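Heads up, the thing below is written out as structure tokens.
Just so you know, all these numbers are worked out from the coordinates, no wet-lab data involved. Everything quoted here is computed from the prediction, not taken from an experiment. For neighbour counting, all protein chains shown are included, and Cβ atoms are generated from backbone atoms with ideal geometry for every residue, glycine included.
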Amino acid sequence: MDNTRHISSSNGPVDPAVAGLMEGEQTFETVSERLASIVLRQDKHKLPWWIMLGIGFVMYNLLGIALTKLLLYGVGIWGIDEPVGWGWAIINFVWWIGIGHAGTLISAFLLLMRQNWRNSINRFAEAMTIFAVLCAGIYPVFHTGRPWCAYWLFPYPNILGMWPGWRSPLLWDVFAVSTYASVSILFWLIGLIPDFATLRDRAENVVVKKTYGVLSLGWRGAAEHWQRYETASLILAGISTPLVLSVHSIISFDFSIGIVPGWHTAISPPYFVAGALYAGFAMVIILAVPLRKWYHLEDYITPKHMDWCAKLMLTSGLVVLYGYMSECFFSYLSGNHIEIRMMELRQFGPYGAAYWFLILCNGVIPQLLWIPKVRFHNGWLFFISVVVSIGMWLERYVIVVVSLTRDFLPSSWGYFAPTIWDILMYAGTIGQFIFLFFMFVRVMPMINIFEMRELVHKTHGHVHSSAEEHSAATPVSLPAQPAE
Amino acid sequence: MVNNSGFPKLLTRIGIVGPVFAVIGLVLLLAGSGGGVSQFYHAWINGWIFWMSLSTGCFGLMMLGAMVRAQWVQPLQRFFEAGAWNYALLAILFVPIIVAAATNHLFPWAHPVQVAADPILAYRSHWFNTPFLTVRTYLMFTVFLVFIRMLIKVGKVQDEHPDIPTRLKAGSLRASIAAPGFLIMVLLITLGVTDWIMSLDPHWYSTMYGFLFLIGAGLAAMTFGVILASQMAIENEEPFKELVTRQMTRDWGNLLLMMTMVWAYFSISQYLIYWSGNLPEEVTFYIQRNAGTFAWVTSAIVICQFFLPFLLLLSSRLKRRPNMIRNAAILIFLTRIVEEAWNVVPMFHSWHGADSGLAVQFQGLISYLGAWLLIGGLWLILFTRYLRKGSLVGSPDPQLVEVLEHAH
């Protein structure tokens with residue numbers, strides 16, 4: 001059977017709305033083959049994959065060691081003490097949660113906005129979200145000191161007569177983050193079903209075929225399936241989009257609801273959300289640059305995608321910069337000596353170097369993205385994204401540590417320094433993220449296969465079918481084909 | 001390229017209403033300010049801030065339209081240009097506010113006795129003083145007018161040039177001007193509202209206020225444009241009859257829905273943080289507005305600027321009807337007028353206090369209405385005069401034309 005659909009180049013001009021989103025001579029078959037083969041063929045995963053998996057595995061083990069030590073000895077092994085009770089655990093929690101936001105924005109919000117450029121990056125960005133939330137979740141659970149009692153945070157009917165403190169944003173976090181994780185996983189898995197069907201149809205190994213067959217939940221590509229799929233996607237996108245705002249807004253309330261100087265500022269919610277998207281887009285670029293090179297995906301993740309991600313990173317970064325300027329300006333203008341002192345401490349106190357370095361990383365260097373050549377240069381993009389990731393970590397460090405080391409009682413002022421266990425745990429979660437991400441690349445299509453086939457259709461206008469499509473996982477916008 | 005054969009009736013009516021507003025406004029302002037010159041200035045700054053917010057919104061959306069090059073902006077582009085260009089008028093109308101500052105009638109920081117008694121005001125006097133405020137404000141207006149002029153000039157090339165590559169180039173140039181322009185506007189407006197609104201209270205400040213003002217300004221401008229365009233489409237005026245399609249009203253509805261949600265998000269965030277913090281210098285803002293007459297106004301704003309538009313604009317069927325989108329826009333626009341006064345007026349008055357009798361309240365209301373009408377009347381005269389000069393709608397972006405032609 002001839003499994004290809006021939007795309008005529010004489011079908012008229014390419015729709016400018018999708019121009020540049022796919023390069024090379026593409027047919028449904030080439031798209032399916034190239035993207036599915038990454039999962040189905042081990043030889044597609046060369047040395048860089050093994051190296052990254054190895055690094056991830058080793059660092060993941062550090063997490064195991066750090067957590068074992070933590071369970072045996074308690075949170076005293078960390079650098080936290082009075083007055084800094086939050087330390088690296090909360091810094092890293094906020095950093096990881098923030099990273100996930102770009103994935104949700106790409107997968108949900110851009111879907112509602114009918115932005116076709118999301119198609120080739122949404123799958124791995126969603127995976128990034130889920131793994132980032134998994135990394136984030138570890139910290140508050142272990143930071144409680146008694147992780148085996150973490151379920152007390154949920155309002156289950158218990159015989160102890162205890163009830164969670166509803167006025168605390170820390171409790172709102174439990175609901176916000178758990179909802180976010182649940183919806184993100186559901187959205188991701190539902191989006192994978194048609195692609196699992198493609199893998200099922202293309203797999204030669206019986207075990208692999210059966211595994212993807214089970215995962216594809218009986219998907220046959222019938223019009224009814226596609227209709228339900230589209231409805232479910234839109235509903236989940238509608239639920240996910242407010243979560244982009246709500247999760248990090250609630251995290252910002254963890255800080256701003258109280259009256260701790262430096263934390264209690266009205267701009268916190270949009271400033272935290274923008275910071276989350278900033279770090280998230282940086283991570284998307286950090287992942288996209290090597291992936292497209294190692295797996296020769298330049299035809300699918302094109303310079304236009306990188307340009308859009310860079311523009312969104314720049315935009316969110318400008319909101320963050322506005323937040324820094326606003327905080328600084330109003331602190332000095334307020335005439336409130338506590339606010340003024342706090343800003344002086346941030347800028348010129350014991351952690352002053354961290355403050356100015358974060359301004360350099362988040363406020364100065366990313367301005368290079370105004371230059372179009374930089375946005376189209378992978379090396380520069382990768383560098384700036386790494387710089388932004390460092391800057392966003394430092395931002396949380398400065399927020400958490402500076403305000404807590406100088407609270408209202410001068411007698412309790414202190415200095416915070418992390419221990420080796422703080423560092424090992426952070427390295428461990430980075431390892432967990434790398435390990436899970438490269439395992440995902442191995443067993444799941446990192447680019448949405450069926451949406452790319454749909455893009456072939458949109459990019460080239462009308463498609464003349466000369467044969468039946470082999471796969472059942474063809475979008476409903478194409479003429480329906482019977483399943484094999 | 002779209003040419004308007006005749007000036008639409010609605011805009012002609014607005015052109016007539018403008019001078020009427022101005023005359024009635026002047027009479028009411030003078031009548032209402034009989035109690036004292038301070039009342040005159042209070043009313044003046046309240047009216048000025050509303051119309052300034054409308055021009056700011058027009059300026060912001062004009063730049064946003066140049067950056068995103070979307071279809072929804074085309075029927076509204078000229079309205080945004082005309083509204084933004086009115087900054088020139090607002091710069092002239094700012095003179096009474098300078099006089100008020102110089103004669104200690106408006107700002108607490110300008111009052112020497114109050115400054116001497118208040119260490120925070122004394123500390124802030126390096127920033128808040130009449131000469132510096134004047135320089136800052138006029139520098140800001142100059143920068144804005146330069147950007148507006150550049151955008152209009154390049155926009156004309158884009159509209160009038162028959163050559164597609166030149167039009168594409170002009171479109172890119174407009175986007176390149178608009179991107180830094182937008183950034184500069186956000187920063188300068190933050191400083192502006194700090195000067196003009198927040199400093200009316202001796203101590204209160206909010207880092208969110210710039211964002212809140214900007215989204216309010218955007219809502220005012222968007223609803224103003226939507227009301228005009230959809231009404232003209234309903235009246236079968238060319239070229240709006242063709243341009244205001246179901247898709248267009250749906251896009252406008254979605255944008256308005258998004259903007260009301262963002263406004264609600266910013267507002268509830270600020271409220272929640274200040275309410276929880278319960279610090280005297282912050283929470284007084286809401287205490288003033290949640291007591292007496294203002295408690296009703298606060299509730300009405302929340303209902304009319306969030307809950308009602310939210311429910312109306314959720315329905316895709318309603319969004320496709322020009323009359324429904326117009327009605328939703330009118331509701332939001334009227335609420336914008338109230339909300340702007342809700343922000344400014346309590347800075348001056350304690351309406352529920354024993355010292356304000358009914359007569360004083362009524363006289364105050366007359367002066368506020370008068371100043372609003374007077375400044376608004378002048379604003380509308382220049383607005384319609386600008387629109388008479390050229391075509392009523394911008395030409396579609398050349399990139400967009402290709403997309404649409406391809407789609408059909």
*Choose one answer from B:I49, B:I337, B:I120: the residue with the largest mean-square fluctuation in a GNM of chain B with alpha-carbon springs under 10 Å.*
B:I120
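Answer rounded, prolate or oblate for chain B, using the Cα gyration tensor with square roots of eigenvalues a ≥ b ≥ c: rounded when a/c is under 1.5, else prolate when a/b is larger than b/c, else oblate.
Note, shape of chain B comes out prolate.
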_Please enumerate, by chain and number, the lysines with C-alpha under 29 Å from the C-alpha of A:K210, excluding those fewer than 8 residues away in the same chain._
A:K44, A:K46
*Which entries in the list A:K311/B:K153; A:K209/A:K293; A:K304/A:K373; B:K9/B:K156; A:K311/A:K373; B:K9/B:K389 go over 18 Å, if you measure between the two C-alpha atoms of each?*
A:K311/B:K153; A:K209/A:K293; B:K9/B:K156
*Give the cross-link partners of B:K169 among the aspartates and glutamates, using a straight C-alpha distance below 16 Å as the criterion and excluding same-chain residues fewer than 8 apart.*
B:D159, B:E160, B:D397, B:E402
*Please identify the GluC sites (Glu not before Pro) of segment B:186-291 that satisfy two criteria: DSSP loop assignment and at most 16 other Cβ atoms within 10 Å. Which are they?*
B:E235
*What value, in deg cm²/dmol to 500, does the helix sum -39500 (n - 2.57) over DSSP H runs of n ≥ 4 give at 222 nm once divided by the residues of the protein assembly as shown?*
-23500 deg cm²/dmol
*Could you let me know the centre-to-centre spacing of segment B:6-54 and segment A:313-350, using Cα atoms, in angstrom?*
39 Å
*Find the relative contact order for chain B and round it to a whole percent, using C-alpha pairs within less than 8 Å whose residues are 6+ positions apart.*
37 percent
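Would you please classify the overall shape of chain A from the alpha carbon gyration tensor, given that a ≥ b ≥ c denote the square roots of the eigenvalues, rounded means a/c under 1.5, and beyond that prolate means a/b larger than b/c while oblate covers the rest?
prolate
Counting other C-beta atoms within 10 Å, which of B:M248, B:M67 has the fewest, and how do the rest follow? If you can, show how the numbers build up before the last one.
Values: B:M248 23, B:M67 17.
If I rank by nearby Cβ atoms, fewest first, I get B:M67, B:M248.
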*Going toward the positive end of the dipole of chain B, with +1 on Lys and Arg Cβ and -1 on Asp and Glu Cβ, which of B:L272, B:T12, B:M185 do you reach last?*
B:T12
*Specify whether the C-alpha gyration tensor of the protein assembly as shown places it in the rounded, prolate or oblate class, a ≥ b ≥ c being the square roots of the eigenvalues: rounded for a/c under 1.5, otherwise prolate if a/b is larger than b/c and oblate if not.*
oblate
*Would you give the gap between the C-alpha center of segment B:162-214 and the C-alpha center of segment B:116-141, rounded to a whole Å?*
22 Å
*In what sequence do B:V68, A:V284 fall when counting other Cβ within 10 Å, fewest first?*
B:V68, A:V284
*What longest region of chain A stays clear of chymotrypsin sites (Phe, Trp or Tyr not before Pro) that DSSP places outside H, G, I, E and B and that have at most 14 other Cβ atoms within 10 Å?*
A:167-375
*Taking the Cβ-Cβ separation of A:V443 and B:L30 as r and a Förster radius of 60 Å, what is the calculated FRET efficiency to the nearest 0.05?*
0.15
*Among B:N323, A:F109, A:C309 - extreme Cα towards positive end, dipole of the protein assembly as shown, charges at beta-carbon*: B:N323
_Centroid-to-centroid separation of segment A:358-435 and segment A:184-229 [C-alpha atoms, Å]_ = 39 Å
*Hey, in the GNM for chain B with a 10 angstrom Cα cutoff, which one of B:A291, B:A116, B:A66 fluctuates hardest?*
B:A116
*Roughly how many debye, to the nearest 20, is the charge dipole of the protein assembly as shown about its Cα centre, given +1 on each Lys and Arg Cβ, -1 on each Asp and Glu Cβ, and no other charges?*
780 debye
*Using a simple spin-label model with points 7 Å from Cα along the Cα→Cβ vector, what separation in nm is obtained for A:L217 and B:T103?*
7.3 nm
*Exposure proxy check: B:L279, A:L47, B:L369, A:L105 ranked by fewest other beta carbons within 10 Å?*
A:L47, B:L279, B:L369, A:L105
*Rounded to 10°, Cα long-axis angle of helix B:398-407 versus longest principal axis of chain B*: 60 degrees
*If you take the beta carbon distance between B:V338 and A:K373 as r and set R0 to 56 Å, what does 1/(1 + (r/R0)^6) give as a FRET efficiency, to the nearest 0.05?*
0.70
_Projected label distance in nm at B:S316 and B:F7, using a 7 Å step from Cα toward the beta-carbon_ = 4.1 nm
*Using the Cα centre as the reference, give the magnitude of the dipole from point charges on the C-beta atoms of segment B:258-342 (Lys, Arg: +1; Asp, Glu: -1; all else neutral), rounded to the nearest 20 debye.*
700 debye
_Check: segment A:330-432 dipole with +1 on Lys, Arg Cβ and -1 on Asp, Glu Cβ, in debye_ = 300 debye
*Inter-probe distance in nm under a simple model that places probes 7 Å from Cα toward Cβ, at A:I185 and B:Y286*: 3.6 nm
*Of A:W188, A:I91, B:F240, whose Cα points farthest to the positive end of the dipole of the protein assembly as shown (charges on the beta-carbon: +1 Lys, Arg; -1 Asp, Glu; origin at the Cα centre)?*
B:F240
*In a GNM of chain B with a 10 Å cut-off on Cα contacts, which of B:T260, B:T384, B:T207 has the highest mean-square fluctuation?*
B:T207
